[in-house]
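The next block holds one structure in the form of structure tokens; read it before the comments.
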Amino acid sequence: MNRRWLAAAVLLSQIWGACGVATEPVAHCGLAGIVPPSQRRNLSVGGDVVPLGIQVLDWPSARLLAELFAILAGEVVGLNLVMHKALPSSLWAVWLLAGCTPDPVGFGANCSAEGRDWPHVVLETWDSLLAPNIDRLRRELGDRMPVDLGTTGYEGFESLFVPAGPREKALNAEWLPLEFYRSYNAKWKDPAKYFSTPYTSISTDGLQQCNATRFYVSGFMETYLNLTGDHDGVEVVDGRVVAKCVGGASGHWWLSPACRQNPGTCIPVMDGGDGWFVAGSMQRAALYGMPLALCVGTWAKFSTAPNTADMLVYWWTPDSTFLNLNALPINFPAHRPDDWSAGIKVAEAPRITLRKFAMHALPKADLRLMQFLAKLSLSQEKLESMLLETTAGKSIPQVACEWLKANPDIWMRWVPLETDCTSGYGLIDSAGTHVAKRSLASSCTWCPAGKFSAKVSDDLGLTHICTPCDAGFHQPDSGQAACNICERGHFAGVPGSSACTECAPGSAAAAKGATECSACSPGSFQASAGRTSCASCAQGTFQVAQGATFCDFCAIGQISYSGATSCTNCSVGSIAASAGSNDCTLCRPGTFAEQVGMSMCRACRVGEYSDVAGASACTRCAGGAQLWTTMRKLEVQGSLRWVDTDAATSAAACGCAAGARFNELGECIACERVGVECPGMGTVVVMPGYYSAEKLSIFECNDGQRCRGG
């Protein structure tokens, strides 16, 4: 941790010490028509009734703005106040507004601390420190993130400044504008003659040694070397690239290439702190041919040396330190964000937004105070005119009071009307009813859930009204500037909804912002709530009604396709054996289905057959002639026998029934001859004691025992 942050940590421990919160006195101004101290009130914030806490920041412009606000908040708005001891960091102040104790080392905070009287507002925070940390702040603080109340009306800016003395001498002598960077190019001009040269005429008392400043921060110097190629301006010490100062590590001055060979022509440049901008000044001097001698002074040296010698100075606005010099910034090329973030600072610095913040709970605690803070705005010119008075010996409270007394036409515009409703609020009448016109209103109130704060303008300026959310939208929270659209699968059927309703089973909402849910059409269903679409009935099911939560199974003998509103009978020759069948099944050979919508196939009767799948009728053997049947062989009591069978699958199963045989024409006739037996399928068996000498001729053996031929 460097010395600056160590000092800051010590300061913070002093502010949040064992004795509690450190405060500063609140000035009394005595504006006309003030609210007497005995009639001033506290705020009710987060369940606590407390004075308004103003967090002061420790630089002149922030102190002045805080003083202006404090006088008005007490004497005009009528609030009791506490001025919290000044802090050196915008980021710390925002942490404190969230109820967190800042960590000066890690840029974090302890947000679990209890028992602190936290501040409620802070003015003039610098975005240069807040902006890189804003996402982290929002992520870590969540709902405790302080409310951004807009800008102060003026900006912050840093640059090399040239005082009026040398500037006017150069302009009078040769019309040389020293507020323009090209006027310093030593190849064209000799600007050094308008400054205190040689630089060695400036005492080194109060100047810091190079090795105690950013001249010896290797990262800065490596960037300088890579950008400029000025190897003579740096050296390697202990393996680190550092600036090559006159007199080495214990020296005080660094000379730019444009005057290094002729030091008497170097223009002295004063920087402060640990060398806040020496790296940028070195880059500019090398690339733009500026003959500069850079040094870093202690605060005492930094703040006084430019008053006794003509030199350039690194400075920022708003600030009172060098206002008496009437110094102007040197204009460099327009700001280049990508270069600047990469450490290349040859272009102009960015303009820095200065913001006001309030504790997250303050908007509900006091509307007029929030309106007042939002409107509070000063121009750079007015701020600097007040700061200039402080350099003449006047205190900041004195300057603030005198300005307020002299400029009521300005600050009266900051004090809101009772009907100046800000975002989150809306107009109400004396009965507390929301109204849409200022002429009907008496004050403002927090917009409730189901409504949003809509911006309107009239002859008196901007205000807001509480407007019901449109159907299809909702707002669950109070004090909101807009309504939220209902998500898919939800709806809000009436204006002013605080929540969207899930679509009931049997319905769905496909798009956002639905005002009603669509009933599932016939052939579809939805079993669950909050859905974005209905599902088609699956094959084997159907639904004839709208808004169904399920589909019915098709009956046996019927089928359906996806999305069906009715079922279809299976055609003849096919069946559906179970309810909810996806498809009809063809009857296999040997079976048939003679009607539509059958659930099972019937077997072909004895004497009939079917040799194809999907038959609607069976074919009769021999056209149905008598004595024909269908048979197959089965083993009966150890021997194969022909038996009648149904479900025959081909004409090959057809033949003469038992007791019949084929005649010469292939017809089945009764088996009436003696000595033979007809077991079926046209088979003729000669009985013992008989023989057949020729086809269809049967003879009895002579003696009843021996037959012809053996």
Subject >> Test for C421: is it part of a loop (DSSP other than H, G, I, E, B), of a type outside the set (S, T, N, Q) and touching a Cys at 6+ places or on another chain (Cβ under 7 Å) >> reply: yes
Subject >> In the stretch 231-245, the residues that are over 13 Å from V296 (Cβ atoms) and in contact (Cβ under 8 Å) with a residue 12 or more places away in the chain >> reply: D232, G233, V234, V237, R240, V241, V242, K244
Subject >> Whichever residue in the stretch 496-507 is more than 30 Å from D583 (Cα to Cα) and of a type in the set (G, A, S) and, among such residues, is least open to solvent (accessible area, probe 1.4 Å) >> reply: S497
Original post:
Among the residues of the stretch 322-329, is any open to solvent by 40 Å² or more (accessible area, probe 1.4 Å), in contact (Cβ under 8 Å) with a residue 60 or more places away in the chain, aliphatic (A, V, I, L, M) and in contact with a Lys or Arg (Cβ under 9 Å, 6 or more places away or on another chain)?
Top reply: yes
Original post:
Of the residues that make up the stretch 590-611, is at least one under 52 Å from the mean Cα position of the chain (by Cα) and open to solvent by 80 Å² or more (accessible area, probe 1.4 Å)?
Top reply: no
Original post:
Restricting attention to the stretch 207-219, does a residue exist that is touching a residue at least 12 places away in the same chain (Cβ under 8 Å), in contact with a helix residue (DSSP H, G or I) (Cβ under 7 Å, 6 or more places away or on another chain) and over 29 Å from P88 (Cβ atoms)?
Top reply: no
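A quick yes/no check of all residues on (1) modelled with pLDDT under 85; (2) touching a strand residue (DSSP E or B) at 6+ places or on another chain (Cβ under 7 Å); (3) open to solvent by 80 Å² or more (accessible area, probe 1.4 Å):
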| residue | (1), (2), (3) |
| --- | --- |
| S616 | no, yes, no |
| L634 | yes, yes, no |
| S650 | no, yes, no |
| A653 | no, yes, no |
| A660 | no, yes, no |
| G675 | yes, yes, no |
| L696 | yes, no, no |
Subject >> Tally of residues being over 15 Å from S560 (Cβ atoms), open to solvent by less than 30 Å² (accessible area, probe 1.4 Å) and polar (S, T, N, Q) across the stretch 516-538 >> reply: 1
Subject >> Residues located in the stretch 341-359, provided they are out of contact with any Leu (no Cβ under 8 Å at 6 or more places or on another chain) and over 30 Å from L96 (Cα atoms) >> reply: A342, G343, K345, A347, E348
Subject >> the stretch 539-576, subset open to solvent by 60 Å² or more (accessible area, probe 1.4 Å) and of a type in the set (A, V, I, L, M), residue nearest to A492 (Cα to Cα) >> reply: V544
Subject >> Condition check for W315: among the aromatic types (F, W, Y) and buried (at least 19 other Cβ atoms within 10 Å of the Cβ) >> reply: yes
**OP:** Please indicate, with yes or no, whether at least one residue in the stretch 186-197 is surrounded by fewer than 21 Cβ atoms within 10 Å (Cβ to Cβ) and of a type in the set (A, V, I, L, M).
**Re:** no
Original post:
For the stretch 534-583, how many residues are among the hydroxyl-bearing types (S, T, Y), in a loop (DSSP other than H, G, I, E, B) and over 47 Å from the mean Cα position of the chain (by Cα)?
Top reply: 4
Original post:
S453 is checked against (1) of a type in the set (S, T, Y); (2) part of a loop (DSSP other than H, G, I, E, B); (3) at pLDDT 95 or above and fails just one. What number does that condition carry?
Top reply: (2)
**OP:** Sort through D135, D143 and tell me the only one that's part of a helix (DSSP H, G or I), in contact (Cβ under 8 Å) with a residue 12 or more places away in the chain, more than 11 Å from Y194 (Cα to Cα) and open to solvent by 70 Å² or more (accessible area, probe 1.4 Å).
**Re:** D143
Original post:
So which residues in the stretch 233-250 are of a type outside the set (G, A, S) and within 8 Å of C210 (Cβ to Cβ), if there are any at all?
Top reply: V242, C245
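The values are calculated or read from the model by the stated rules, or taken from the named source; none is laboratory data. All of these numbers come straight from a predicted model, not from anything done at the bench. Counting neighbours? That spans all protein chains shown, and the Cβs are built from the backbone with ideal geometry, glycine included. For accessibility, only protein heavy atoms count, side chains too; no ligands or nucleic acids. Shrake-Rupley method; radii C 1.70, N 1.55, O 1.52, S 1.80 Å.
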